[in-house]
Amino acid sequence: MATIGIIYGILVIALVASLAKSREKTKKAFKVAGKALLKTGPSLLVMLCIVGLILGLLTAEKISSLIGSEAGPLATITAAIIGAITLIPSLVAFPLAGSLLRSGATVMTISAFITTLVMVGFVTAPMEAKTLGKKFTLLRNGLGFVAALLIALAMGVIL
Amino acid sequence: MKKFIPPILIALVYLGLFIWLPEAALRSSKVTLDYFKEMAFILPPVFLLMGLMEVWLPKDKIQSWLGNDSGLRGSILSVALGTLPTGPVYVAFPIAASLLKKGASVANVVLFLGSWAALKIPQLMVEVKFLGWGFAALRFVLTLLALVLMGTLMKAVLSRFPDKQNQEKPE
């Protein structure tokens, strides 16, 4: 909720400033916004449905049982893949990661889950590609996945 | 025709779920609806902000603040912009796209998106609470390092093989 408040607050200030300076330009801003929204709208809806599907199937309990308390590279890779394909709010993800850690998952596995969760967005990729380009998206997510695995490895060794 | 394939596939999956796993189907529909409500609230103002940015932010300013020659100050500014508490990552894509169009460097846009998703301040506080200072601090440092490397690499690759849609359109 706070987020929404901040965004609307910024918008109101920006709009008032913009209107005060030029009505013409403000109108143009609305046009640009509408066009962009129409262009990305369909891929957004697709994204929403996929997010819903994945989260409906992969509940917190399911993720726990998949990552489990097992140690070893397989658990880490599984965690990395789950992190990459899901889009979980951090308020849910961190408590889940904490409880997995306490129930016996390794630091490496947990960091793989958290880093891919935040650095790789499989379900947001269609929207990213629409706005920022296919190559950009592919590179950012691909490199992000590799980086996340390396980070997990380093964290497992250090901590 | 091609753009109808994903929606049809999704509809089929949902249909299958409703037949074989009605419980999961219900959960999925609920999550989708929740996210839809959230997006319906957040996206219109975000796109409008992007429109305002597009109209008002002077290209040369963005170029000097965040462009290829903005140096360390540009990187710091990108991370600072990204870590502000402002919502889910899909909100950042249109903003990043308009920064890119206005002349921000690929490296800085990668930093901005990366810190938006991975280094958000409210998110870090939750992380500290559940995973501890050591975990959060180490992840922060390593992620920042990774983002800098990724940005540099992507800048090099994309300057040789640019995305078609990000090239300057003659108007």
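Assorted remarks:
- Among residues of region A:119-149, those that are part of a helix (DSSP H, G or I), free of Cβ contacts under 8 Å to residues at least 12 places away in the same chain and within 7 Å of another protein chain (Cβ to nearest Cβ), counted: 6
- Per the listing A:Thr40, A:Thr26, the residue uniquely over 17 Å from B:Leu43 (Cβ atoms) and over 16 Å from the mean Cα position of the chain (by Cα) is A:Thr26.
- Some residue of region A:106-117 being farther than 23 Å from B:Leu145 by Cα and either of a type in the set (Gly, Ala, Ser) or at the interface with chain B (Cβ under 9 Å from one of its Cβ atoms) (or both): no
- Residue within region B:19-29 that is assigned to a helix (DSSP H, G or I), more than 7 Å from chain A (Cβ to nearest Cβ) and under 23 Å from B:Val91 (Cβ atoms) present: no
- Among residues of region A:13-27 that are over 16 Å from B:Leu57 (Cβ atoms), those with a beta-carbon under 6 Å from a residue that is surrounded by 11 or more Cβ atoms within 10 Å (Cβ to Cβ) at least six positions away or on a different chain give the pairs A:Leu19/A:Thr26.
- When A:Leu91, A:Leu74, A:Leu55, A:Leu100 are checked against the criterion of being at pLDDT below 90, under 24 Å from B:Leu119 (Cβ atoms), in a helix (DSSP H, G or I) and more than 8 Å from chain B (Cβ to nearest Cβ), a single residue qualifies: A:Leu100.
- Residues that are facing chain B (nearest Cβ under 9 Å) and part of a helix (DSSP H, G or I) within region A:13-24 comprise A:Ala14, A:Leu15, A:Ala17, A:Ser18, A:Lys21, listed in sequence order.
Residues checked against (1) part of a helix (DSSP H, G or I); (2) surrounded by fewer than 16 Cβ atoms within 10 Å (Cβ to Cβ); (3) among the basic types (Lys, Arg):
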residue	(1), (2), (3)
B:Lys61	yes, yes, yes
B:Pro85	no, yes, no
B:Ala92	yes, no, no
B:Ala96	yes, no, no
B:Leu111	yes, no, no
B:Val126	yes, no, no
B:Phe130	yes, no, no
B:Phe135	yes, no, no
B:Leu147	yes, no, no
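The values are calculated or read from the model by the stated rules, or taken from the named source; none is laboratory data. This structure is a prediction, so every number in the text was calculated from the model and none was measured. We place every Cβ from the backbone using ideal geometry, glycine too, and count neighbours over all the protein chains shown.
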